[in-house]
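The values are calculated or read from the model by the stated rules, or taken from the named source; none is laboratory data. Please read these numbers as outputs of a predicted model, since none were measured by experiment. No Cβ is skipped: glycine too gets one built from the backbone with ideal geometry, and neighbour counts run over all protein chains shown.
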Amino acid sequence: MRHFLLTVAALLIAGPAWSQDITLPDYERIVLENGTVLLLSEKHEVPLIGLRAEVRGGSVADPEGKAGVAELLAAVMQKGAGNRDAAEFASASANVGGRLSVSADVDSTSVAAEFLSRDAELMLALVSDVLQRPTLAADELEKEQTRAIGLIKAAKDGDPNALMPHYANAFIFGDHPYGRPTTGSESSLANITRDDVLEYYTNNFGGDRLIISVVGDFDAAAMKARLAAEFGRWGPAAAALEDIPAPPKAPGGRVLLIDKPGATQSYFWFGNVGVALSYPRRAELSLANTVFGARFTSMLVTELRVNAGLTYRARSVVDQRTQPGPVTVRSFTETSTTVEAIDLAISVLRRLQDKGLDDDMMISARNYIMGQFPPRLETASSLAGMLAFLELNGLDRSYIDDYGSELQAAAAESVALAISEVYPQPDDLVFVIIGDAATIRDQVAKYGEVTEMSITEPRFRVPPAD
């Protein structure tokens, strides 16, 4: 699954600015005999086609101790496929002005492509090759492995905040599949062999796992026939797709302190397990999170940046997946003001929980949400991605079609209920902090039992199990 945060999922809507009658364009859903799902929507305004293919699986299917296999595979898949090597494959799409990329996330591996309608035959052949006939060359795998490890090391030196989700997910989810770093860690990446990548591909790629969404300037009947010819005979994945259980709430009052000696800033994250995409009060949650920390004029930014001058940015994120993902507050501050900033962020959370949203906040949040979506879904590619997202997560078109009216119908009382159901109480908070442990160790102990690890550790969790 693409990692759709609440702040993004709230924007995946097509229609004019502020309307209760927001609907998706018409599209056709076809299931081929091998289980492949096709989603087709003609859009003839411009001669462009957007395509999104999703293969169910993703990092949740990484083998134990091999975190990062799915993402490594995705990187190597586009380094040669069919009868083209890496350079030939890249130039084939670039020479016609097309774009093709492969990426892996928690619940799926994705292929995204955008191209002129006149080049559909070539680009569909490239998509077919990258999915069904990737070369997975050993030398390209070694390059991507080295690059992935290098990026993690560079982040630890220059931008440790980029790694915060890996430390945090490992800490709150533990051995649950959501606790595995999608990118892998230095230690897990170093343990991955080409045989591991080949085995993952065999086990997790096949027609029964495939969703292909195509939007743009094409004839639906001809596109259906072409996709059926390309993918209709693709056999099933060798392994069954495992159901992912709902993760339990993490015990509160715990702190993971990642020691970065000499750090002049502390990066902090606190929260717990939240809710899934199926959460029924999604409109209310969108409104609450927009006001709390999902926009630049949020409560968190106003207090931590504007009023207190403790940080440049602060935000709240509700990460909704097939199963509940994390709900978090994230920011950074100077080392000397670490506890002051965390305490202030907690007090803002308490205020949200105690007072909810007033009428002015509700109106402002509605206008903000409904004013943001047009650029997000005005292209064929964005529409293709959204249709694939719905199919991947078992959601029907009402998820979009009813959203505007749900936002309008939301009341302060129902928003308050969503806040109480989703945001953890202060006693249930779990904290992850990256900073100079010698300076802040004793101070952050006020938040709970401290577990400490060095940022130089080649993994993201304690004990070393990723």
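Laid out as a table, the results:
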{"item": "Residue, nearest to the chain's Cα centre (by Cα), within the stretch 296-320, restricted to residues that are among the charged types (D, E, K, R) and at pLDDT 95 or above", "result": "319"}
{"item": "The stretch 97-109 - residue that is buried (at least 22 other Cβ atoms within 10 Å of the Cβ) and polar (S, T, N, Q) and, of those, farthest from residue 389 (Cα to Cα)", "result": "109"}
{"item": "Output for the stretch 284-318, where each listed residue is polar (S, T, N, Q) and out of contact with any Phe, Trp or Tyr (no Cβ under 8 Å at 6 or more places or on another chain)", "result": "286, 289, 297, 302, 307"}
{"item": "Counted residues, the stretch 221-265 - those being over 30 Å from residue 199 (Cα atoms), more than 26 Å from the chain's Cα centre (by Cα) and small (Gly, Ala, Ser)", "result": "6"}
{"item": "Extreme residue, modelled with the lowest pLDDT, among residues of the stretch 36-81 that are in a loop (DSSP other than H, G, I, E, B) and on the phi > 0 side of the Ramachandran plot", "result": "65"}
{"item": "Unique match (being of a type outside the set (Asp, Glu) and assigned by TED's automatic domain parsing to the domain that holds residue 283) among 386, 370", "result": "370"}
{"item": "Residue 441 touching a Leu at 6+ places or on another chain (Cβ under 9 Å), part of a helix (DSSP H, G or I), of a type in the set (D, E, K, R) and surrounded by 15 or more Cβ atoms within 10 Å (Cβ to Cβ)", "result": "yes"}
{"item": "Verdict on residue 298 being out of contact with any Asp or Glu (no Cβ under 9 Å at 6 or more places or on another chain), surrounded by 15 or more Cβ atoms within 10 Å (Cβ to Cβ) and within 29 Å of residue 442 (Cα to Cα)", "result": "no"}
{"item": "Given (1) closer than 30 Å to residue 116 by Cβ; (2) in contact with an Asp or Glu (Cβ under 6 Å, 6 or more places away or on another chain); (3) of a type in the set (Lys, Arg), number of the condition residue 233 does not satisfy", "result": "(2)"}
{"item": "Condition met for residue 252 (on the phi > 0 side of the Ramachandran plot and either at pLDDT 95 or above or surrounded by fewer than 17 Cβ atoms within 10 Å (Cβ to Cβ) (or both))", "result": "no"}
{"item": "Tally of residues being out of contact with any helix residue (DSSP H, G or I) (no Cβ under 8 Å at 6 or more places or on another chain) and polar (S, T, N, Q) across the stretch 36-62", "result": "0"}
{"item": "Residue ID - farthest from residue 282 (Cα to Cα), chosen from residues in the stretch 338-351 that are in contact (Cβ under 8 Å) with a residue 60 or more places away in the chain and surrounded by fewer than 21 Cβ atoms within 10 Å (Cβ to Cβ)", "result": "339"}
{"item": "Helices (runs of 4 or more DSSP H) contained entirely in the stretch 133-238, each with at least 2 residues that are surrounded by 16 or more Cβ atoms within 10 Å (Cβ to Cβ) and touching a Ser or Thr at 6+ places or on another chain (Cβ under 8 Å)", "result": "138-158, 164-173, 220-231"}
{"item": "Pairs where the first residue, in the stretch 33-53, is more than 17 Å from residue 121 (Cα to Cα) and the second is in a loop (DSSP other than H, G, I, E, B) and modelled with pLDDT under 95, C-beta under 8 Å, 6+ apart", "result": "41/25; 41/26; 43/25"}
{"item": "Selection status of residue 442, closer than 19 Å to residue 255 by Cβ, assigned by TED's automatic domain parsing to the domain that holds residue 271 and touching a Gly at 6+ places or on another chain (Cβ under 9 Å)", "result": "no"}
{"item": "Residue in the stretch 301-317 that is crowded, with 23+ Cβ neighbours inside 10 Å, in the same structural domain as residue 434 (by TED's automatic domain parsing) and part of a strand (DSSP E or B) present", "result": "yes"}
{"item": "Any chance residue 33 is modelled with pLDDT under 95, under 29 Å from residue 243 (Cβ atoms) and not in a strand (DSSP E or B)", "result": "no"}
{"item": "Number of positions in the stretch 254-283 that are in contact with a Phe, Trp or Tyr (Cβ under 7 Å, 6 or more places away or on another chain) and assigned to a loop (DSSP other than H, G, I, E, B)", "result": "0"}
{"item": "Residue within the stretch 57-66 that is surrounded by 14 or more Cβ atoms within 10 Å (Cβ to Cβ), of a type in the set (S, T, N, Q) and in the same structural domain as residue 206 (by TED's automatic domain parsing) present", "result": "yes"}
{"item": "Residues that are aliphatic (A, V, I, L, M) and more than 22 Å from residue 411 (Cα to Cα), drawn from the stretch 253-295", "result": "255, 256, 257, 258, 263, 273"}
{"item": "Cross-chain or 6+ apart pairs with Cβ under 8 Å, the stretch 72-95 first and touching a residue at least 60 places away in the same chain (Cβ under 8 Å), then part of a strand (DSSP E or B) and of a type in the set (A, V, I, L, M, F, W, C)", "result": "73/104; 75/102"}
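Yes or no, residue by residue, for (1) hydroxyl-bearing (Ser, Thr, Tyr); (2) touching a Cys at 6+ places or on another chain (Cβ under 8 Å); (3) under 17 Å from residue 283 (Cβ atoms):
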| site | (1), (2), (3) |
| --- | --- |
| 387 | no, no, no |
| 399 | yes, no, yes |
| 409 | no, no, yes |
| 444 | no, no, no |
| 451 | yes, no, no |
